[in-house]
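Notes follow once the structure below has been shown.
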């Protein structure tokens, strides 16, 4: 499983990342497509060079989903886009805290973290490709599922910490 994961993301960014990168960048201020590409190259020190063939069709999809709007060649978030970006921020914060704990647990924690990242990446790709067709009920269902999965990880971490403190 890990080798498959590395094959998919080892030399590039994870699937679905570009979408959230654009939403995050547009939270700051409007940008042109070229500015988005240039910023990605700059921030990654040249490791990630998204092509116009990736960025412009993705901007088109974000426009279709009404997450962004275009004015005079610059793209900016809509109200719906701001709300989506805020939801992503909340999930990112939860995942970041949990990954921090997992990575502190050594190799087993890293394995669990990689598995979690794989699941989140897969789910994110599915959600992002279907979000425009989802009802509010379906959206809430997925949100609840994610929260329950993260709660399971919290419980596992608590149990593991309890075992470690008994050993000491």
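The values are calculated or read from the model by the stated rules, or taken from the named source; none is laboratory data. Model, not experiment: these values are computed from the prediction. Every residue, glycine as well, gets a Cβ built from its backbone with ideal geometry; the counts of neighbours run over all protein chains shown.
Here residue 57 passes the criteria (1) surrounded by 14 or more Cβ atoms within 10 Å (Cβ to Cβ); (2) in a helix (DSSP H, G or I) except the one numbered (1). Filtering segment 19-47 to residues that are in a loop (DSSP other than H, G, I, E, B) and surrounded by 16 or more Cβ atoms within 10 Å (Cβ to Cβ) leaves only 30. Of all the criteria given as (1) part of a helix (DSSP H, G or I); (2) modelled with pLDDT of 80 or more, the one not satisfied by residue 124 is (2). Summed over segment 75-84, the residues that are at pLDDT 90 or above and surrounded by 15 or more Cβ atoms within 10 Å (Cβ to Cβ) give a count of 4. Taking each residue of segment 148-166 that is surrounded by 10 or more Cβ atoms within 10 Å (Cβ to Cβ) and looking for partners that are at pLDDT 75 or above and in a helix (DSSP H, G or I) with beta-carbon atoms closer than 8 Å, six or more apart or interchain, yields nothing.
Going by the conditions given, is residue 158 at pLDDT 70 or above and either over 28 Å from residue 28 (Cβ atoms) or not assigned by TED's automatic domain parsing to the domain that holds residue 65 (or both)? The answer is yes for residue 158.
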